[in-house]
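Trainee: Let me begin by handing over the structure; questions about it come next.
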């Protein structure tokens, strides 16, 4: 048994087999990443065991199969009773599992091999029983895994040194061997594949590997080994067309590096100049495709659309079907961003036809994923889930990169449209973990969005403070979606400063759709998020106009879930604006939103944004009071005026006697009444009226309009006071002394309280100033610009 560079591992296998021969078997776990040579190692272990006359049984779990099926198959290979096979599958009790495993390790000498045991969830569960049972038998068990299992002895595979990679690579020159070692990172599996490819290559091996080695990085990650290869290749002397291809590939690969924006532009600009100068259509096609990646941000949507057309033209001229399909996909994605949905669907259909004609399973899977996205936008949730499941299965089967991540994105998009994203446990924490793995790509904004929708507003607000400065300075394929998510957080948390900053950043993209990546998912029209922010900022005319734009687009494309949420926001904006026609419009918008929500079984997320904007609070908090009015949050010390105010706010439109406010309730008896004005005072008022009549006549004769106006104003004031003080037929009105004291005190106290509120919460104070009326009876009569209701 001999494998290059694995003497230590082979020695461990031989030791285990020797112990098993002596009746002291056991378990050995081999861990390492794919391509580290785990399968070759257990192949060698099996060969050595057979040489020693061991019986060898072997199995490998498969994704999607029952986790213990691999153990059942091993038992069947040993002709175990079907009852034991069934027991290991069911394992209702620990005794059932132990009985089945006892048969597996009985007899011998025997070697049990299981490759990639962690490929199927829970397949490793019986290993603890296996390890215990095998210890006193003639059975050795060797399993491989990509991670530590924490069960007994483990061998952790390490990359091979350059000399060992050169030994397994075959007849390559030393320079090519060094490149091969660097490209494979010392793992034998990739080294063997690349060596086979280099054996038939006629060009510079460094350049060949740099141009042809597949990237192993997921979307928005960086394959640093490939970057190193490309930089090494660029140091070689190559023709212009080849250099253009190398530069373009490096610029494309650096998309995952959020800090490399300036470098990507320099690289792709040089690549473009060289490609055009070279006259090579192949180089130009590759450079245009890479340019779309390297400069991928919302500002470049129109450029991407034009570049896609050029890619398609060049590909058709050269008969490059793969490149043509890429151009068709880029056209679809750009049209989605530009909200030209009908054209985008036509482009997707063309892409699908090309994929079917070419027998391209990856392109067909991509089509399925985008069809799921479109179904979710329109509220066809069952169809969206079916298509997402179909994509996940197909993508996994054909090895499509990022299948799992894209499937999760699609399921999350469905949850957003249904209004259930905030109910998914642990999703925010998962996003924070993802943000740590993909620094600079604003996954923290998505986490804050989920926190806000989950009711964890303080955490969302803190994350908004942390991520917004970076987001405002960033760009890239996730930028616009991240800003839309931060818009929601700013609205939920009533952060006016953040709302203004996000509004200004998103405003240039009014009329677009917010899409993720290559149109993986859509959050809706940019105008909806701008409208939401405008409501928060109090720019209600702008908010209505923006939200009407969004509703119009959603009507046009049949995006019913988004339309329902936009209508809720539109109703809120109209309600707050308070023009004579707005109340009826708001009611109509709400009715239609509720009808759509009921038909599609939606939870309207927008109701969460508007409830705290349209509902203000004045509540006790211990010894203090807290006023919450939109983005105004103020704490006050306890006072009589706040008690009076709460009573009025709790009964809008109703008159409450000042005596009742002072008493804290109805039923306070007033003292005997006295006339409001006594006879002497009334006589004085009447004498003054006679004097004013004479003054008015004199002013009129002299043509002195100013003096006449002043006399008339005083006369009207005196007449009003006499009318207030007298009843029908000129009878004296009477006023209780207690009622008069209550009127004066309540008026003074309420006015002082509202003045305090005005200083700390200007918007709420201004609304209360014009809505609270005082006198013998006080009333809160809401004027426009306030909440739809108060919570007290």
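Read-outs: derived from the displayed coordinates by stated rules, not from any lab. Keep in mind that this is a model prediction, so the values were computed, not measured. Note that each Cβ is placed from the backbone with ideal geometry, even for glycine, and that neighbours are counted across all protein chains shown.
Trainee: Can you give me the Cα centroid spacing of segment 305-342 and segment 442-484 in angstrom?
Mentor: 32 Å
Trainee: Against the longest alpha carbon principal axis of the chain, how many degrees, from 0 to 90 and to the nearest 10, is the axis of helix 341-358 turned?
Mentor: Tilt relative to the chain: about 10 degrees.
Trainee: What do you get for the angle between helix 381-398 and the principal long axis of the chain? Use alpha-carbon atoms, 0 to 90 degrees, nearest ten.
Mentor: On a 0 to 90 degree scale, this one is about 30.
Trainee: Now for a separate question. Can you compute the FRET efficiency between residue 7 and residue 433 using 1/(1 + (r/R0)^6), with r the Cβ-Cβ distance and R0 = 25 Å? Round to the nearest 0.05.
Mentor: 0.05
Trainee: Would you mind calculating the relative contact order of the chain from Cα pairs under 8 angstrom and at least 6 residues apart, reporting the percent as a whole number? Mind showing how you got there, number by number?
Mentor: On the way: 1275 pairs, mean separation 55.1, N = 792.
Computed value for the chain: 7 percent relative contact order.
Trainee: Distance between the C-alpha centers of segment 390-404 and segment 202-218? Whole Å please.
Mentor: That distance is 24 Å.
Trainee: So for 373, 89, fewest C-beta neighbours within 10 Å to most, what's the order?
Mentor: On the way: 373 24, 89 16.
Starting with the residue having the fewest Cβ neighbours, the order is 89, 373.
Trainee: Moving on to the next point. With a/c under 1.5 counting as rounded, go ahead and sort segment 165-287 into rounded, prolate or oblate using the C-alpha gyration tensor (a ≥ b ≥ c being the square roots of the eigenvalues; past the cut-off, prolate if a/b is larger than b/c, else oblate). It would help to have the intermediate numbers written out before the result.
Mentor: On the way: a/c = 2.44, a/b = 1.45, b/c = 1.68.
Oblate is the answer for segment 165-287, as a/c is 1.5 or above yet b/c matches or exceeds a/b.
Trainee: For Rg/Rh (Cα atoms, Kirkwood Rh), several values are listed as (i) 0.98; (ii) 1.17; (iii) 1.01; flag the one computed from this structure.
Mentor: Correct label, based on the coordinates given: (ii).
Trainee: A further question on this structure: Would you mind classifying segment 7-156 by shape? Square roots of the alpha carbon gyration tensor eigenvalues, ordered a ≥ b ≥ c; an a/c under 1.5 is rounded, otherwise it is prolate if a/b is larger than b/c and oblate if not. Walk me through the numbers before you get to the answer.
Mentor: Details: a/c = 1.70, a/b = 1.21, b/c = 1.41.
The shape class here is oblate.
Trainee: Okay, moving on. Provide the packing ranking of 332-339, 401-408, 26-33, i.e. peptides ordered by the mean count of other C-beta atoms within 10 Å per residue, highest first. Spell out each step's value before the answer.
Mentor: Values: 332-339: 24.4, 401-408: 17.5, 26-33: 21.1.
Taking the mean over residues of other Cβ atoms within 10 Å, the ranking is 332-339, 26-33, 401-408.
Trainee: If you don't mind, there's one more thing I want to ask. Using only the alpha-carbon atoms, how far is helix 403-418 inclined from the longest principal axis of the chain? Give it as 0 to 90 degrees, nearest 10.
Mentor: Taking the Cα atoms of the chain, the angle to 403-418 is about 20 degrees.
Trainee: Moving on. Hey, rough spin-label estimate for residue 306 and residue 53, points 7 angstrom out along Cα→Cβ, what's it come to in nanometres?
Mentor: 8.1 nm
Trainee: Stretch residue 620-residue 779 to full length: gain in nm at 0.36 nm per residue minus the Cα-Cα span? All intermediate terms of the calculation are to be shown ahead of the outcome.
Mentor: Values: separation 159, 0.36 × 159 = 57.24 nm, distance 2.13 nm.
That works out to 55.1 nm of additional length.
Trainee: Now a separate question. Let me know the shape class of segment 420-509, please: from the alpha-carbon gyration tensor, a ≥ b ≥ c as square roots of the eigenvalues, rounded when a/c is under 1.5, otherwise prolate if a/b is greater than b/c, or oblate.
Mentor: Oblate, since a/c reaches 1.5 and b/c is not below a/b.
Trainee: At a Förster distance of 22 Å, what's the computed FRET efficiency of residue 167 paired with residue 197, Cβ-Cβ distance as r, to 0.05? Each step should come with its number before you reach the end.
Mentor: Values: r = 18 Å, r/R0 = 0.82.
Once rounded, the FRET efficiency stands at 0.75.
Trainee: Could I ask something else about it? For segment 310-451, what relative contact order do you get, as a whole percent, if you take Cα pairs closer than 8 Å and at least 6 residues apart? Mind showing how you got there, number by number?
Mentor: On the way: 131 pairs, mean separation 18.3, N = 142.
Once divided by the residue count of segment 310-451, the mean separation gives 13 percent.
Trainee: Based on the Cα atoms of segment 260-352, what semi-axes does the equivalent ellipsoid have, where each is the square root of 5 times one gyration tensor eigenvalue, given in whole Å with the largest first?
Mentor: The answer is 22, 18, 8 Å, longest axis first.
Trainee: Taking R0 as 22 Å, what FRET efficiency do you get between residue 475 and residue 263 from their Cβ-Cβ distance, rounded to the nearest 0.05? Provide the component values of the computation, followed by the final result.
Mentor: Details: r = 13 Å, r/R0 = 0.61.
Once the sixth-power term is evaluated, E becomes 0.95.
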